[in-house]
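These notes are about the structure you will find just below.
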Amino acid sequence: MAIETSTPSAETSAAARGGPAHQIAGVRVPTRSLRSELRAIKVVWKRELIRFSRDRLRILTSLMQPFLFLFVLGTGLSRLASAGTHGVDLRTFVYPGVLCMAVMFTAMFSAASLVWDREFGFLREMMVAPVRRSSLVLGKCFGGATVAAFQGVIVLCLAGLVGVPYAPGLILEIFALQVLLAFAITAFGVMVAARISQMQSFMALMQMAIMPMYFLSGALFPVSGLPQWLSILNRIDPLTYAVDPMRRAVFAHLDISAAARRALDPGVTWWGWHVPTLVEAAVVALLGLVMLLIAIAQFSRAE
Amino acid sequence: MSSPAPAVSVNGLLKSFGEVEAVRGIDFEVGAGEIFGFLGPNGAGKSTTINMLCTLMRPSGGSARVAGHDVVRERDGVRRNIGLVFQDTTLDGYLTAEQNLRLHAELYGVPREAVGERLRQVMEMVGLWQRRKSLVNTFSGGMKRRLEIARGLLHSPRVLFLDEPTVGLDPQTRSSIWSYIRELKSREDITIFLTTHYMDEAEYCERIAIMDQGLIIVLDTPEALKASVGKDRVQIQTDDDAAAIAALSERFGIEATVAEGEVTFGVPEGEHFVPRLFAELGQPIRSVSVARPSLDDVFMSYTGTTIRDAESSQLDTRRNFARMMNR
């Protein structure tokens, strides 16, 4: 140690460093209010955006999968499937599913950052702040949803390349649906991340949840005429209720034969009842909300 | 210490994790404006105590008030009034230094008009103003620690908790961290509460509590603690150590041993003893050295072991456990 005396005075050390000895203006931290909670939500949200914009590699890599599905798999399989699609481009058919995939993966990675935050200690900084845990969780979910929705917008820009028209109404509807999905998936991820402290376990768990969810959802096949076991699993899968309304919106803007419409866009049914778009959207919103509440409860309980 | 409202007051505080009692009922007070240190080996219960005071852990028993607020019933009141610097970094490496601090200001609701000015002051104080636009990932360990201190101060806390603020840093950085801490005290109306297992750092505190195995063993100023050991250490070199030891025992009634190749013994007020030693020992003395008791000696006299030995024996069991709990 450079300091050998046992009781050195602060003044001499400040002088020795040549630092100015001016008084630091104190600030007062106000008591908790709605305004301070909103500030907390906003700053946690903003942090997600800053981090996302820094991570260009992530933006690129998370677009990789949708591109592969859409242009490689879609183009390749369309030769096989042309008989069954009644002249509709297979890529147009899988487009809603691929969009959902881009959103899901980005939302999942956003939620995963919570596990990193815990591992790298940053979570502690947030947990000791004089704000409600619910504000932190809300900020995180909004942030993840925003980032995922942005990723969705990039895929949305590609619509024209696969025969989906750029109709303002259609784009708006798809956008609204993907924002909803982004929020629900982030809430799901945050709920899982609340209990998991290791990245490997989180990733393994998410893979286990996301892949079956994706394959069962009808993102890659029409949901009518399925074997019963698959039909049941498909109706249980929450993602079904995000993919189906998107596809319905896309097909509403296509000029195709009635046979093609029946084969490719049969719509989800519950015991023969054709589930309307609004109900489907409500299912996704409700699930997202429930998971958000669970996540909040878990974080509020944590010490 | 004579302040009417203590910054921290603790009564019978307990924390157990299942079978293990990490903190076994401690009482103490820290006066406003004091630099107060917790000294003890790893696993002594220092971090657990700090975590309870910072509302990060619920006590199993007892009570504690920080800045006038109860740590269980008035968590928010405590949180608004404390700054924290943890052992492990809690910065976001993907944000710049300034973004980390601004995020903190928002979380703590620092008035918008005050943020800019305050930010500049705390960053200048730790010498990082020039680096404010750099990503924290590019910072060295010492810079990160300094930034954390600046962040801990951003909302003008009444009590700043520093958990092992210099652990893992090189000696030069350690000493600069200490100069910030002491400068801070001269500038701000703040109480500083820290833990350390470095003896030399405990010397900078106004009062220290020595903690071992979940209990406070003794609490006093470093000077008083050293005085309580009572004896200075005297070492002499002679031509005939055995004869010198015999003479010491015979003429002064002092038990001496050979340590580090020299005849070593403890006496009160060593300097005053030296003239008598030369006059009355009757053996030629080649050299003599007198050392004041160090906190090492203090730790030794209260716990019967040196802090290093205490650490190596506890390290495996308790540290792993503490790490598990601190997740």
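The values are calculated or read from the model by the stated rules, or taken from the named source; none is laboratory data. Since this is a predicted model, take the numbers as computed values, not measurements. Positions of Cβ are backbone-derived with ideal geometry, glycine not excepted, and every protein chain shown enters the neighbour counts.
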| query | Mind checking which residues of the stretch B:23-32 are surrounded by fewer than 24 Cβ atoms within 10 Å (Cβ to Cβ) and touching a strand residue (DSSP E or B) at 6+ places or on another chain (Cβ under 6 Å)? | reply | B:R24, B:G25, B:I26, B:D27, B:F28, B:E29, B:A32
| note | Pairs returned, first residue in the stretch B:162-184 that is closer than 15 Å to B:F38 by Cβ and outside the structural domain of B:C54 (by TED's automatic domain parsing), second residue that is of a type in the set (A, V, I, L, M) and surrounded by 20 or more Cβ atoms within 10 Å (Cβ to Cβ), beta-carbon separation under 7 angstrom, 6 or more apart or interchain, are none
| said: Just to be sure I understand, how many residues within the stretch B:161-175 are touching a helix residue (DSSP H, G or I) at 6+ places or on another chain (Cβ under 8 Å) and at the interface with another protein chain (Cβ under 8 Å from one of its Cβ atoms)? | reply: 1
| query | Within the group B:Y204, B:Y180, which residue is in a loop (DSSP other than H, G, I, E, B) and within 30 Å of B:M123 (Cβ to Cβ)? | reply | B:Y204
| Subset of the stretch B:39-85 [modelled with pLDDT of 90 or more and away from chain A (no Cβ under 13 Å)] | B:T49, B:G61, B:G62, B:S63, B:A64, B:R65, B:G68, B:D70, B:R73
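Sort out for me the helices (runs of 4 or more DSSP H) sitting completely within the stretch A:112-205 that have 2 or more residues that are buried (at least 22 other Cβ atoms within 10 Å of the Cβ) and either among the β-branched types (V, I, T) or away from chain B (no Cβ under 14 Å) (or both). Explain how you work it out, then say what you get.
Working: elements: A:122-127, A:133-157, A:168-193.
Correct list: A:133-157, A:168-193.
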| said: Return the pair list, or none, for Cβ contacts closer than 6 Å from residues in the stretch A:181-192 that are under 15 Å from A:Y241 (Cβ atoms) to residues that are at pLDDT below 95 and outside any helix (DSSP H, G or I), at least 6 apart or on different chains. | reply: none
| said: Would you confirm, using the coordinates I've provided, whether B:L225 is more than 10 Å from every other protein chain (Cβ to nearest Cβ) and closer than 22 Å to B:A67 by Cβ? | reply: no
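Out of all the residues in the stretch A:248-280, which are in a helix (DSSP H, G or I) and charged (D, E, K, R)? Don't jump to the end; show me each part of the working.
Residues of the stretch A:248-280 in a helix (DSSP H, G or I): A:248-252, A:258-264, A:277-280.
Within the stretch A:248-280, A:R248, A:R261, A:R262, A:E280 meet the criteria.
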| query | If you check B:T221 against the conditions, is it surrounded by fewer than 16 Cβ atoms within 10 Å (Cβ to Cβ) and β-branched (V, I, T)? | reply | yes
| message | With the requirement that a residue be surrounded by 17 or more Cβ atoms within 10 Å (Cβ to Cβ) and in a helix (DSSP H, G or I), what does the stretch A:216-230 give you? | response | A:L216
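Tell me whether the stretch B:102-115 contains one or more residues that are of a type outside the set (A, V, I, L, M, F, W, C), under 29 Å from B:S175 (Cα atoms) and without any contact (Cβ under 8 Å) to a residue 40 or more places away in the chain. Before you say what the answer is, go through the steps one by one.
Filtering the stretch B:102-115 for residues of a type outside the set (A, V, I, L, M, F, W, C) gives B:102, B:104, B:106, B:108-109, B:111-113.
Subset that is under 29 Å from B:S175 (Cα atoms): B:102, B:104.
Retained after the next criterion (residues that are without any contact (Cβ under 8 Å) to a residue 40 or more places away in the chain): B:102.
Yes.
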| said: Checking B:L215 against (1) in the same structural domain as B:T48 (by TED's automatic domain parsing); (2) in contact with a helix residue (DSSP H, G or I) (Cβ under 9 Å, 6 or more places away or on another chain), only one condition comes out false. Which one? | reply: (2)
| said: So, in the stretch A:59-106, how many residues would count as being crowded, with 19+ Cβ neighbours inside 10 Å and assigned to a helix (DSSP H, G or I)? | reply: 22
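Scan the helices (runs of 4 or more DSSP H) fully inside the stretch B:229-327 and keep the ones with 2 or more residues being modelled with pLDDT of 85 or more. Spell out how you get there, then give the answer.
Working: elements: B:241-252, B:270-280, B:295-303, B:307-314, B:320-326.
The qualifying helices (runs of 4 or more DSSP H) are B:241-252, B:270-280.
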| message | Considering only residues that are touching a strand residue (DSSP E or B) at 6+ places or on another chain (Cβ under 9 Å) and either closer than 17 Å to B:H155 by Cα or basic (K, R) (or both), which ones fall in the stretch B:189-209? | response | B:I190, B:T191, B:I192, B:F193, B:R207
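Residues of the stretch B:36-52 being under 17 Å from B:F17 (Cβ atoms) and out of contact with any Pro (no Cβ under 7 Å at 6 or more places or on another chain), which ones?
Quick first cut of the stretch B:36-52, residues under 17 Å from B:F17 (Cβ atoms) only: B:42-52.
Hits for the stretch B:36-52 are B:N42, B:G43, B:A44, B:G45, B:K46, B:S47, B:T48, B:T49, B:I50, B:N51.
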| said: Quick check on the stretch B:139-160: of everything there that is part of a helix (DSSP H, G or I) and hydrophobic (A, V, I, L, M, F, W, C), which residue is farthest from the other protein chains (Cβ to nearest Cβ)? | reply: B:M143
| task | For residues that are under 20 Å from B:L215 (Cβ atoms) and touching a Phe, Trp or Tyr at 6+ places or on another chain (Cβ under 8 Å), scanning just the stretch B:46-70, find the one that is surrounded by the most Cβ atoms within 10 Å (Cβ to Cβ). | result | B:T49
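For the stretch B:148-173, how many residues are on the phi > 0 side of the Ramachandran plot and polar (S, T, N, Q)? Spell out the reasoning first.
Residues of the stretch B:148-173 that are on the phi > 0 side of the Ramachandran plot, as a first pass: B:156, B:164, B:168.
Now drop any that are not polar (S, T, N, Q), which leaves B:156.
Summing the residues that are on the phi > 0 side of the Ramachandran plot and polar (S, T, N, Q) in the stretch B:148-173 gives 1.
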| task | Look at the stretch B:105-126 and say how many of its residues are more than 8 Å from chain A (Cβ to nearest Cβ) and either of a type in the set (G, A, S) or in a loop (DSSP other than H, G, I, E, B) (or both). | result | 3
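Please note which strands (runs of 3 or more DSSP E) are completely contained in the stretch B:15-85 and include at least 2 residues that are in contact with a Leu (Cβ under 9 Å, 6 or more places away or on another chain) and either of a type in the set (S, T, Y) or farther than 25 Å from B:H155 by Cβ (or both). Reasoning before the result, please.
Numbers: elements: B:20-30, B:35-39, B:61-66, B:82-85.
Passing ranges, in order: B:20-30, B:61-66.
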| Counted residues, the stretch B:144-175 - those being touching a Cys at 6+ places or on another chain (Cβ under 8 Å) and over 19 Å from B:Y204 (Cα atoms) | 0
| task | Go through the stretch B:86-108 and count every residue that is modelled with pLDDT under 90 and either hydrophobic (A, V, I, L, M, F, W, C) or buried (at least 23 other Cβ atoms within 10 Å of the Cβ) (or both). | result | 1
